[in-house]
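J.: Please read through the structure below; I'll follow up with questions.
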Amino acid sequence: AFHRSNLICFTPRYVVKNTLHIAVSVLPIFGGVHDAIKKASQLRQNLKTIDLKRKIDLAPGESTVLFNFHNYSRGIEKPYHWLAFCVNASRFGASFKCKWHLIPVDVAESHFFGEHDGNNDTMCGILEAKVHSSDAGSMLVSISHAEVPPYRIENRSSTHYLRLVQDDDQAVVFELPPLYSCAYTWDSPLGRKKLRAIVISKARSKDNQLEEALELERYEEASQLNDKGGENRNNSVHTIDSDDESTESETTKEPLLHSLKRGVRLDSQARKLNKTERYRSPRKIAVFSLDSRSYTLTKVGKQKDLPCPSAKESESNLRMKSSKLFTHIRIVAGTKI
């Protein structure tokens, strides 16, 4: 009966699904590359009232159809459709502001994004956004954890620390201790695809500075406890045995209180050392010094050697082998190492 009927099928153009175990917020954007980057930066700094109304919250496993892409184009560049999303996970740092990532949804491709913990600014997770094209013409976007990271950085030195950063204003400086490795992706996927690295000694590392800060804090707390103990002994009418019992009862309770205090202060100290809000911080300027090297991560094989801090010359007037680190890029199971 319907062999002569004309059927009209309405198919959504863009569909997004959250396959993470954490809720995300998405905001469809229409504009050029710089327009989208500017809007994502503004979303990270402050969500306006209109942004709160337009953003869509997706629970784990939830999907939605994207109908309206809000126009932020200034007419200078060719506009594209973007999906800005933010992971609604709790962070350790009170002043940390979650980053809004940008997914270009007009091209079927996979994109990787790094998530930071807000404490030591380490990359605690790598997300993968896959854009698929269906037979009906819809663009399907899925946000999930990356099973295979695009890059892995290995520090095989037994003595030196590595300080690394992407050559971009929005990138975060991070350090890799000796004999450690970490998964990595670009902090700014739309920025310069170059990784700068420099070798630093343990004394200049952030771990050593944090340890020194903790030691100083423990010393100050121990001094305060000793001063209080002296005052109590002077003002006390009890015997020495009773004083010892009270001191023991206090010390059994103190470690938990001290650890809580150290945790709060450690968070603020780590944020102070990293200074990710200031793009030209001392730690970042050091990565762009003469001893640093830049790597594109595109070519496989031997790369430029990385100079080490000046080593003492031996009696034979020859430099030690640790005067430079050899750099090599290889591919294992789809990951560049």
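The values are calculated or read from the model by the stated rules, or taken from the named source; none is laboratory data. Computed from a predicted model, the values in this text were never measured in an experiment. Counting neighbours? That spans all protein chains shown, and the Cβs are built from the backbone with ideal geometry, glycine included. The accessibility values were calculated without ligands, DNA or RNA, using every heavy atom of the protein model including side chains. Shrake-Rupley method; radii C 1.70, N 1.55, O 1.52, S 1.80 Å.
J.: It is to be established whether one or more residues within region 23-39 are over 21 Å from the mean Cα position of the chain (by Cα), over 30 Å from Ile76 (Cα atoms) and modelled with pLDDT under 90. First the steps, then the outcome.
T.: Pass one, region 23-39, residues over 21 Å from the mean Cα position of the chain (by Cα): 27-35.
Still in the running and over 30 Å from Ile76 (Cα atoms): none.
So far as region 23-39 goes, no, none of its residues is over 21 Å from the mean Cα position of the chain (by Cα), over 30 Å from Ile76 (Cα atoms) and modelled with pLDDT under 90.
J.: Would you confirm whether any residue within region 46-55 is part of a loop (DSSP other than H, G, I, E, B), within 26 Å of the chain's Cα centre (by Cα), among the basic types (Lys, Arg) and more than 26 Å from Gly125 (Cβ to Cβ)? Write out each step before concluding.
T.: Within region 46-55, the first condition is being part of a loop (DSSP other than H, G, I, E, B), and the residues that meet it are 46-48, 55.
Still in the list and also within 26 Å of the chain's Cα centre (by Cα): 46-48, 55.
Imposing the further condition that a residue be among the basic types (Lys, Arg) reduces the set to 48, 55.
Filter once more, so that each one left must be more than 26 Å from Gly125 (Cβ to Cβ): 48.
Yes, region 46-55 contains at least one residue that is part of a loop (DSSP other than H, G, I, E, B), within 26 Å of the chain's Cα centre (by Cα), among the basic types (Lys, Arg) and more than 26 Å from Gly125 (Cβ to Cβ).
Yes/no matrix, rows are residues, columns are (1) touching a residue at least 60 places away in the same chain (Cβ under 8 Å); (2) among the charged types (D, E, K, R):
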{"residue": "Ile29", "(1), (2)": "yes, no"}
{"residue": "Lys38", "(1), (2)": "no, yes"}
{"residue": "Ser90", "(1), (2)": "no, no"}
{"residue": "Ile103", "(1), (2)": "no, no"}
{"residue": "Phe112", "(1), (2)": "yes, no"}
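J.: Just to verify a result, which residue in region 1-26, among those that are touching an Asp or Glu at 6+ places or on another chain (Cβ under 7 Å) and part of a strand (DSSP E or B), is farthest from Ala89 (Cα to Cα)? Reasoning before the result, please.
T.: So in region 1-26, the residues touching an Asp or Glu at 6+ places or on another chain (Cβ under 7 Å) come out as 18, 23, 25.
Adding the requirement that they be part of a strand (DSSP E or B) leaves 18, 25.
Values: Asn18: 14, Ser25: 11 Å.
If we take residues in region 1-26 being touching an Asp or Glu at 6+ places or on another chain (Cβ under 7 Å) and part of a strand (DSSP E or B), then Asn18 is farthest from Ala89 (Cα to Cα).
J.: Being open to solvent by 70 Å² or more (accessible area, probe 1.4 Å), in a strand (DSSP E or B) and not acidic (Asp, Glu) is the requirement here; does Cys124 meet it? Write out each step before concluding.
T.: Working: open to solvent by 70 Å² or more (accessible area, probe 1.4 Å): yes; in a strand (DSSP E or B): yes; not acidic (Asp, Glu): yes.
In short, yes.
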